[in-house]
Amino acid sequence: MNTDLQELVRISRLFGSDPSFVIAGGGNTSYKNEEMIWIKASGISLATIDEKGFVSLSREKLKDISQKKYSADPLLRESEVKADLHDAIVSPKELRPSVETSLHDLISYRYVVHTHPTKVNAVMCSNLAETSCREMFDDKALFVPYADPGYILFKVVAEAIRKFTESHGYEPQLIFLENHGVFVGANSTEEIESIYAELMATIEAKLRQQLPGTARSDLKSVIIDRLAGLHPGYTGFSAIGFRSELTDRFLASEESFSKANKSFTPDDIVYCKAHYLYVPAGKNDAELFAVTSEKIGAYSARYGYLPKVIAVQHQGVFGIEESLKSASNVLDVYENILKISFYTENFGGPKFMNDEQIAFIDNWEVENYRRKIGKS
């Protein structure tokens with residue numbers, strides 16, 4: 001492995017092992033030279049990645065994607081783009097490159113590190129995202145309104161970079177994406193670290209309140225003990241739960257929970273789905289079980305799937321998935337949603353993804369693949 005790829009592995013693990021920047025299989029990184037780009041494979045964890053976790057692609061073939069006309073149907077379009085991405089792979093053919101490969105290739109800097117920092121998304125998932133971004137970073141950064149990930153985001157960012165470069169005389173190194181995260185580009189990993197340090201310090205200076213305590217107390221509950229009895233679809237699934245000062249703040253009432261009952265970003269949907277179930281406290285276990293079961297049935301009828309997050313008033317949050325590892329990922333991602341929601345109050349309050357944006361992610365084969373890889 002050459003020195004440049006060693007640096008890519010190092011910077012990937014540095015940010016990937018910090019949950020304030022990356023959770024589960026989120027984020028992606030890349031390095032490029034004139035002919036090739038090396039990018040994280042879809043679903044691979046940055047925290048433990050090595051050189052085998054990257055896919056190398058021909059930059060010449062990637063250019064064809066930017067010039068080609070694709071179907072107007074969103075799902076067919078993304079299927080066509082996926083096939084062309086696969087055609088551009090040099091090695092290994094059995095891994096999928098990140099869906100954001102073309103976006104990484106578009107950015108001219110040699111190294112690109114894309115993450116979803118909690119405090120960055122406090123701004124990006126707020127009602128004043130664009131205003132706050134411009135106030136804090138002015139001409140140092142490019143702000144891009146929400147666009148569906150994949151080809152559409154690539155085209156939107158390409159046009160935004162073109163306009164920024166035309167008006168400023170230089171290409172942005174800092175690109176903020178609404179309800180998504182941030183891209184940082186530089187020609188060295190040291191400069192990547194420096195840019196991240198500066199942007200985090202700038203945002204932290206705007207945070208007026210300290211986050212409620214996040215120390216977790218594990219939960220014992222009838223919800224865990226009798227999971228399959230809540231709904232037949234949970235047969236063979238696992239559930240875990242916890243309580244903290246942070247969960248208490250949001251679970252006090254249905255009104256307080258309304259600020260954390262929906263997804264902020266595509267990654268939230270990948271790991272937690274888009275909607276989260278709130279259950280009022282029961283007088284006893286029997287009442288809690290009955291009410292929870294009833295609400296799960298209504299939730300399933302409305303959304304077409306079972307909730308992965310169940311929040312119980314005065315008790316805590318439960319993550320439900322096919323394994324304990326996956327259930328733990330659900331809770332980690334949902335706790336991050338609570339943190340983001342709390343911090344958004346510094347920037348005009350929370351702004352969730354809308355139903356159309358959610359539907360695209362829910363039905364996108366690429367993200368369903370990433371869910372599958374993340375469970376293995």
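The values are calculated or read from the model by the stated rules, or taken from the named source; none is laboratory data. Only a predicted model underlies this, so the values are computations on that prediction, with no experimental measurement involved. Here the Cβ is made from the backbone with ideal geometry for all residues, glycine too, and neighbour counts use every protein chain on show.
Need pairs with beta-carbon distance below 9 Å; first residue of a type in the set (Gly, Ala, Ser) and within region 55-72, second part of a loop (DSSP other than H, G, I, E, B); sequence gap 6+ or separate chains.
Ser56/Pro92; Ser58/Glu35
Take region 175-202 and flag every residue that is touching a strand residue (DSSP E or B) at 6+ places or on another chain (Cβ under 8 Å), closer than 19 Å to Val144 by Cβ and surrounded by fewer than 20 Cβ atoms within 10 Å (Cβ to Cβ).
Ile195
Does region 259-267 contain at least one residue that is over 17 Å from the mean Cα position of the chain (by Cα) and modelled with pLDDT under 95?
Restricting attention to region 259-267, the residues satisfying the condition of being over 17 Å from the mean Cα position of the chain (by Cα) are 259.
Narrowing the set further to residues that are modelled with pLDDT under 95 leaves none.
Scanning region 259-267 turns up no residue that is over 17 Å from the mean Cα position of the chain (by Cα) and modelled with pLDDT under 95.
With touching a strand residue (DSSP E or B) at 6+ places or on another chain (Cβ under 9 Å) and free of Cβ contacts under 8 Å to residues at least 60 places away in the same chain as the only criterion, which of His86, His104 stands out?
Values: His104 fails: free of Cβ contacts under 8 Å to residues at least 60 places away in the same chain.
Exactly one of His86, His104 is touching a strand residue (DSSP E or B) at 6+ places or on another chain (Cβ under 9 Å) and free of Cβ contacts under 8 Å to residues at least 60 places away in the same chain, namely His86.
Would you check if Lys52 is surrounded by fewer than 20 Cβ atoms within 10 Å (Cβ to Cβ) and either at pLDDT 95 or above or part of a helix (DSSP H, G or I) (or both)? Quick ask: steps written out before the conclusion?
Details: surrounded by fewer than 20 Cβ atoms within 10 Å (Cβ to Cβ): yes; either at pLDDT 95 or above or part of a helix (DSSP H, G or I) (or both): yes.
It is true that Lys52 is surrounded by fewer than 20 Cβ atoms within 10 Å (Cβ to Cβ) and either at pLDDT 95 or above or part of a helix (DSSP H, G or I) (or both).
Tell me which residues, restricted to region 9-26, are in a loop (DSSP other than H, G, I, E, B) and out of contact with any Leu (no Cβ under 6 Å at 6 or more places or on another chain). Steps first, please.
Just the residues of region 9-26 that are in a loop (DSSP other than H, G, I, E, B), to begin with: 17-26.
Within region 9-26, Ser17, Asp18, Pro19, Ser20, Phe21, Ile23, Ala24, Gly25, Gly26 meet the criteria.
Could you figure out which of (1) farther than 17 Å from Tyr151 by Cα; (2) at pLDDT below 95 isn't true of Trp38?
That leaves (2) as the condition not met.
From Ile223, Ile175, grab the single residue that is of a type in the set (A, V, I, L, M), modelled with pLDDT of 95 or more and part of a helix (DSSP H, G or I).
Values: Ile175 fails: part of a helix (DSSP H, G or I).
Exactly one of Ile223, Ile175 is of a type in the set (A, V, I, L, M), modelled with pLDDT of 95 or more and part of a helix (DSSP H, G or I), namely Ile223.
Of (1) within 20 Å of Lys155 (Cβ to Cβ); (2) more than 19 Å from the chain's Cα centre (by Cα), Val55 satisfies all except one. Which?
Only one criterion is unmet by Val55, namely (1).
Select from region 227-263 the residues that are exposed (fewer than 14 other Cβ atoms within 10 Å of the Cβ) and not small (Gly, Ala, Ser) and list them in ascending order.
Those that are exposed (fewer than 14 other Cβ atoms within 10 Å of the Cβ) and not small (Gly, Ala, Ser): Pro232, Thr235, Glu245, Glu254, Glu255.
Are any residues in region 266-304 within 19 Å of Glu255 (Cα to Cα) and surrounded by 15 or more Cβ atoms within 10 Å (Cβ to Cβ), and if so, which ones? So that I can check it myself, show each step before the final result.
Restricting attention to region 266-304, the residues satisfying the condition of being within 19 Å of Glu255 (Cα to Cα) are 274-282, 291-292, 295, 299.
Within region 266-304, Ala274, His275, Tyr276, Leu277, Tyr278, Val279, Pro280, Gly282, Val291, Thr292, Lys295, Tyr299 qualify.
From the list Val99, Val112, Val81, which one is at pLDDT below 90 and either under 19 Å from the mean Cα position of the chain (by Cα) or within 21 Å of Glu198 (Cβ to Cβ) (or both)?
Working: Val112 fails: at pLDDT below 90; Val81 fails: either under 19 Å from the mean Cα position of the chain (by Cα) or within 21 Å of Glu198 (Cβ to Cβ) (or both).
Within the list Val99, Val112, Val81, the selection yields Val99.
Restricting attention to region 335-352, and to residues there that are surrounded by 20 or more Cβ atoms within 10 Å (Cβ to Cβ) and under 15 Å from Ser258 (Cβ atoms), which single residue is nearest to the chain's Cα centre (by Cα)?
So, considering only residues that are surrounded by 20 or more Cβ atoms within 10 Å (Cβ to Cβ) and under 15 Å from Ser258 (Cβ atoms), the one nearest to the chain's Cα centre (by Cα) is Ile337.
Is it the case that Gly316 is surrounded by fewer than 19 Cβ atoms within 10 Å (Cβ to Cβ), at pLDDT 95 or above and either within 19 Å of Glu245 (Cα to Cα) or within 23 Å of the chain's Cα centre (by Cα) (or both)?
Working: surrounded by fewer than 19 Cβ atoms within 10 Å (Cβ to Cβ): no; at pLDDT 95 or above: yes; either within 19 Å of Glu245 (Cα to Cα) or within 23 Å of the chain's Cα centre (by Cα) (or both): yes.
Judged against the criteria, Gly316 is not a match.
Counting only residues that are basic (Lys, Arg) and in a helix (DSSP H, G or I), how many does region 293-323 have? It would help to see each step written out before you state the result.
Here is the first cut: in region 293-323, the residues basic (Lys, Arg) are 295, 302, 308.
Pick out the ones that are also in a helix (DSSP H, G or I) and you get 295, 302.
Qualifying residue count, region 293-323: 2.
Could you please find all residues in region 105-122 being within 7 Å of Gly185 (Cα to Cα) and either assigned to a helix (DSSP H, G or I) or of a type in the set (Phe, Trp, Tyr) (or both)?
Tyr109, Tyr111
Considering only region 135-174, how many residues are surrounded by fewer than 14 Cβ atoms within 10 Å (Cβ to Cβ) and without any contact (Cβ under 8 Å) to a residue 12 or more places away in the chain?
9
Taking region 141-199 as the search range and keeping residues that are among the acidic types (Asp, Glu) and either within 20 Å of the chain's Cα centre (by Cα) or not assigned by TED's automatic domain parsing to the domain that holds Leu14 (or both), which one is nearest to Val99 (Cα to Cα)?
Quick first cut of region 141-199, residues among the acidic types (Asp, Glu) only: 148, 159, 166, 171, 178, 190-191, 193, 198.
When the remaining residues are screened for being either within 20 Å of the chain's Cα centre (by Cα) or not assigned by TED's automatic domain parsing to the domain that holds Leu14 (or both), the result is 148, 178.
Details: Asp148: 11, Glu178: 17 Å.
By that ranking, first place goes to Asp148.
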